[in-house]
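One structure is given here, and the rest of the page talks about it.
The values are calculated or read from the model by the stated rules, or taken from the named source; none is laboratory data. Remember, predicted model here, so these are calculated numbers, not experimental data. In this analysis, Cβ positions are derived from the backbone assuming ideal geometry, glycine residues included, and neighbour counts consider all displayed protein chains.
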Amino acid sequence: MAVKAENISPSWELSQLLDIFPLAIRQALVRLPNVEAMIEVVLDLGRPPEARFEHDFTYLTDAPVTSEDIAHVCSRVSSFGGDNRAGIEQTLHRISAIRNRDGKIVGLTCRVGRAIYGTIDILLDVLRSGESVCLLGRPGVGKTTMLRECARVLSEERKRVVIVDTSNEIAGDGDVPHPGIGFARRMQVADPKLQHAVMIEAVENHMPEIIVIDEIGTAAEAEAARTIAERGVTLIGTAHGQTLENLLMNPTLSDLVGGIAAVTLSDEEARRRGTRKTVLERRAPPTFDVVVEIQERDRLAIHKNVAQVVDALLRGYQPQPEVRKREPGGTVTVVQEARPESMPVLSESFEPHPARNEERERPLSIFPYGVSRSKIERAVSNLRVPATIARTWDDADVVVTLRALERKQQSKLKQIASDNIPIYSIKTNTTTQIQSALRDIFNLGSIDREELALREAEEAIYQVLLTSQAVELSPQTSYVRRMQHQLAERYRMHSRTTGLKPNGRGGIMENDE
């Protein structure tokens, strides 16, 4: 059945949802005095069906849900995609499935979708600024509703808006998008795993001024978001997390706000800052210029300068965002003014620090002999030392090689040494070992074994995030292994000890959640 957009009303949309349920459940729903305020209907096999509200729920019947009831609902909605979500054509309702181990559907969450207009007047000045905005908030607080309204308002201001609609939750199910998105165009995603590819396709093929995306949740999507921002397209999206700090500490999504890197300072810089020599700093410019925390449906906390806020958080300061509230009458008041003066004015942390050896007129040239060039580059970046990679050993100031090669290629290395080029050998081809050699080369001082082991674990975690492959660590004492396991838990990864005690090896593996 096709319905013209101008004929769609909230009551029609709700009736479309009620019609998918078996007769007994539908009659119980219709009899509810507050059915218009219902958030979702839950059907779990063997349990009574529930109607859920914002702060309460009620059982609809005494009879438990049967397989026939679930099959009845599934036959009246669209097919379930790879994200186990389905919908009803030209409505915003979302039906999500719970499956057993054999793939059979044993539960349904039928979320009531509503297009609520006038929800972004509280944020309109920020949206019109042309800056990229990220919306954060707990599930059910209204992120998607606000995102849909952003698309509608901006498109009606004659902006070219394209929505990447992974689960059809922003613009509804079916080929014709819901009128709640205004004049925005919608691109559907065949498989949730391809969301990042569709994001890039939207930019390359359809010349948008603004891209709207819901639920950025993977490293590939975060990278696609950065690519979009770097191409000059405004990005408005939501991400998993309730606060900016949640986003910053999420290893998968921290790049959205600039990312975190461990940096070793010179003695002079550490004394000037009054900090330890190894500190956390922002790795790059943030993808989003503004982060909005949706504390309640009518209360927002707005961080307008994400780069400055992240820098302050990493230095131990607690930024004070602007807090806005919509009063019952509809007026918007500023409950708390932003206080940028509470944060220090910091230099851009992604710029290189001054050279450790200021007497050098040029960067140190390093020739990797059997050592990964990319890992040397990463180690140089981590330590912020003035160094470049030489193409040949003739152009090098120092040579970094492996101990195994030092034994096998003695004649070649003797030839290099005869030209008065220092040779530094490392045990394994890892960033941690290379950083240790660079510390010796630049006279940065040594680090204790515990810190070295934790850095090795951090590098392993980084590799697992990139490759999803297990990484084996160097043998450590039980105390150090325990710290490595705790670090893995912080990143929601599995880790285990293999080998014989007391110096077992720790293997870090990807979390299977």
Of all residues in the range 288-312, count the ones that are closer than 15 Å to K143 by Cβ and of a type in the set (V, I, T).
5
Give the residue that is surrounded by the fewest Cβ atoms within 10 Å (Cβ to Cβ), with candidates limited to residues of the range 440-461 that are more than 21 Å from V385 (Cα to Cα) and at pLDDT below 70.
R449
Just one of (1) in contact with a Leu (Cβ under 9 Å, 6 or more places away or on another chain); (2) part of a loop (DSSP other than H, G, I, E, B); (3) modelled with pLDDT of 95 or more trips up T91, so point out which.
(3)
Would you check which residues across the range 49-78 are more than 18 Å from I105 (Cβ to Cβ) and of a type outside the set (D, E) and list them?
A51, R52, F53, H55, F57, T58, Y59, L60, T61, A63
Residue ID - farthest from T331 (Cα to Cα), chosen from residues in the range 105-122 that are touching a Leu at 6+ places or on another chain (Cβ under 9 Å) and assigned to a loop (DSSP other than H, G, I, E, B):
V112
Taking L154 and the conditions (1) part of a helix (DSSP H, G or I); (2) under 28 Å from T109 (Cα atoms), which numbered condition does it fall short on, given that it satisfies the others?
(2)
Identify the residue in the range 146-185 that is of a type outside the set (D, E), out of contact with any helix residue (DSSP H, G or I) (no Cβ under 9 Å at 6 or more places or on another chain) and more than 18 Å from V233 (Cβ to Cβ) and, among all such residues, is surrounded by the fewest Cβ atoms within 10 Å (Cβ to Cβ).
G174
Subset of the range 241-256, residues touching a strand residue (DSSP E or B) at 6+ places or on another chain (Cβ under 7 Å) and without any contact (Cβ under 8 Å) to a residue 60 or more places away in the chain, comes to L253, S254
Scan of the range 228-239 for residues that are touching a residue at least 24 places away in the same chain (Cβ under 8 Å) and surrounded by fewer than 16 Cβ atoms within 10 Å (Cβ to Cβ), ordered by number:
R231
Kindly indicate whether any position in the range 241-261 is more than 30 Å from A488 (Cα to Cα) and either in contact with a helix residue (DSSP H, G or I) (Cβ under 9 Å, 6 or more places away or on another chain) or modelled with pLDDT under 85 (or both).
no
Does the range 78-133 hold any residues that are out of contact with any Pro (no Cβ under 9 Å at 6 or more places or on another chain), small (G, A, S) and under 30 Å from L45 (Cβ atoms), and which are they?
S78, S79, A86, G87, S96, A97, G103, G107, G113
In the list D83, D69, D62, D19, which residue meets the criterion of being over 30 Å from D191 (Cα atoms) and either in the same structural domain as N168 (by TED's automatic domain parsing) or charged (D, E, K, R) (or both)?
D62
Run V65 past the list (1) crowded, with 20+ Cβ neighbours inside 10 Å; (2) modelled with pLDDT under 95; (3) out of contact with any helix residue (DSSP H, G or I) (no Cβ under 7 Å at 6 or more places or on another chain) and report the number of the one that doesn't hold.
(2)
Only one of these is farther than 24 Å from M38 by Cα, of a type in the set (D, E, K, R) and part of a loop (DSSP other than H, G, I, E, B): D125, D102. Name it.
D102
Across the range 186-223, what is the total count of residues that are surrounded by fewer than 18 Cβ atoms within 10 Å (Cβ to Cβ), more than 24 Å from L465 (Cβ to Cβ) and either charged (D, E, K, R) or outside the structural domain of T145 (by TED's automatic domain parsing) (or both)?
3
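Residue-wise test of (1) surrounded by 19 or more Cβ atoms within 10 Å (Cβ to Cβ); (2) modelled with pLDDT of 80 or more.
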{"position": "N357", "(1), (2)": "no, no"}
{"position": "P368", "(1), (2)": "yes, yes"}
{"position": "S372", "(1), (2)": "no, yes"}
{"position": "N382", "(1), (2)": "yes, no"}
{"position": "I389", "(1), (2)": "no, yes"}
{"position": "W393", "(1), (2)": "yes, no"}
{"position": "L402", "(1), (2)": "yes, yes"}
{"position": "Q409", "(1), (2)": "no, no"}
{"position": "N420", "(1), (2)": "no, no"}
Unique match (being in contact (Cβ under 8 Å) with a residue 60 or more places away in the chain, surrounded by fewer than 22 Cβ atoms within 10 Å (Cβ to Cβ) and out of contact with any strand residue (DSSP E or B) (no Cβ under 9 Å at 6 or more places or on another chain)) among R114, R101, R128, R138:
R114
